[in-house]
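The values are calculated or read from the model by the stated rules, or taken from the named source; none is laboratory data. Because the structure is predicted, anything quoted here is derived from the model rather than measured. Cβ atoms come from the backbone with ideal geometry, glycine included; neighbour counts cover every protein chain shown. Areas reflect the complete protein model, heavy atoms only, side chains present, ligands, DNA and RNA absent. Shrake-Rupley method; radii C 1.70, N 1.55, O 1.52, S 1.80 Å.
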Amino acid sequence: MGPEFERTDVAEVGATPEQVWEAIATGPGIDSWFMGRNEVEGGTGGVVRGAFGGYQPEYRIREWDPLEKLVYGTDPGPDGRRIAYEFLIEGRDGGSSVIRCVTSGFLPGDDWEDEFEAMTAGGALFFRTLVEYVTHFAGRTAVPVTAFGPPVADWDEAWARLGTALGLSARPAEGDGVSLGGVVYVANDQTVGIRTAEALLRFMKGFRGPMVASHHVFTPGADAEVEEKTWSTWLNRVFG
């Protein structure tokens, strides 16, 4: 049987509470930093719906306090599985804000440790992407891009290949400048995030699967289908 878990992330950002709320409480805002496509039926009792590949979670909104607090989560499954997100926004002088995100829930099953590790690494990526979004792209809406590469047998080799493809001498590390014209803003055992002038590019270790690209493209006129085909080809070339 798995554990109850809780994770807290906090950051001060150069964005107003209005900009942060737009990012966390609207479909286009969530599209610009989380994963896949999202829609929001606002208000307490409303719903946040997501779509990432074949995964289509639905979260019930439990608290809706515009510019200050948003809480939503899944109903418990037959095995007790559940997850909830609580966002707190505190406005500061000079148009800045503090964002606090608490992720909590329950993971069932004997393999909960692997899933917890993936969730922890993914959660760090998503929160850092939210910070990057409201800091560098606030007010803009991204086209979310999801692409899957071939199955990966050796993840150490895969991260090294990614580094080579990005013009680096080793696996990507936070602060590295890359050949795509950007900088690595987060890197851990299972994820890499890169900020360019017109995109937030993210590479993730698929749970028991391939390298996954989960990008946010801000280029005006960007087409999701074209971007996904382009990145699928790139992934298969690098990791095939």
Open item on the list: Being in contact with a Lys or Arg (Cβ under 6 Å, 6 or more places away or on another chain), touching a residue at least 24 places away in the same chain (Cβ under 8 Å) and under 19 Å from Val131 (Cβ atoms): is that true of Val192 here?
Closed with: no
- [ ] Being surrounded by fewer than 19 Cβ atoms within 10 Å (Cβ to Cβ) and of a type outside the set (Val, Ile, Thr) is the filter; apply it to region 194-209 and report the residue that is nearest to Ala142 (Cα to Cα).
- [x] Glu198
Task: Conditions (1) in contact with a Gly (Cβ under 9 Å, 6 or more places away or on another chain); (2) surrounded by 21 or more Cβ atoms within 10 Å (Cβ to Cβ): number failed by His216 - done: (1)
Task: Residue selected from region 103-132 under the condition in contact with a Leu (Cβ under 8 Å, 6 or more places away or on another chain) and of a type outside the set (Asp, Glu), by the criterion surrounded by the fewest Cβ atoms within 10 Å (Cβ to Cβ) - done: Phe116
Task: Residues being at pLDDT below 95 and not charged (D, E, K, R) - total across region 87-102 - done: 2
Open item on the list: Quick test for you: out of Ala160, Ala165, Ala121, pick the one residue that is in contact with a Lys or Arg (Cβ under 9 Å, 6 or more places away or on another chain), closer than 25 Å to Thr233 by Cβ and in contact (Cβ under 8 Å) with a residue 60 or more places away in the chain.
Closed with: Ala165
- [ ] Within region 174-195, track down each residue that is more than 16 Å from the chain's Cα centre (by Cα) and hydroxyl-bearing (Ser, Thr, Tyr).
- [x] Ser179
Open item on the list: I need every pair where a residue in region 15-38 that is polar (S, T, N, Q) has its Cβ under 8 Å from the Cβ of a residue that is modelled with pLDDT of 95 or more and in a helix (DSSP H, G or I), sequence separation at least 6 or different chains.
Closed with: Gln19/Val134; Ser32/Ala23; Ser32/Tyr133; Asn38/Gly27; Asn38/Ile30; Asn38/Asp31
Open item on the list: I want to confirm something. Restricting to region 111-144 and keeping residues that are outside any helix (DSSP H, G or I) and of a type outside the set (Val, Ile, Thr), which single residue is nearest to Arg208 (Cα to Cα)?
Closed with: Asp111
TODO: Only strands (runs of 3 or more DSSP E) wholly contained in region 1-90 count here; list those with 1 or more residues that are among the aliphatic types (A, V, I, L, M) and surrounded by fewer than 16 Cβ atoms within 10 Å (Cβ to Cβ).
DONE: 4-13, 47-51
Task: Residues of region 91-100 that turn out to be open to solvent by less than 90 Å² (accessible area, probe 1.4 Å) and either part of a strand (DSSP E or B) or closer than 15 Å to Thr26 by Cα (or both), as a count - done: 4
- [ ] Looking only at region 101-110, decide whether some residue is part of a helix (DSSP H, G or I) and either over 25 Å from Phe203 (Cα atoms) or out of contact with any helix residue (DSSP H, G or I) (no Cβ under 6 Å at 6 or more places or on another chain) (or both).
- [x] no
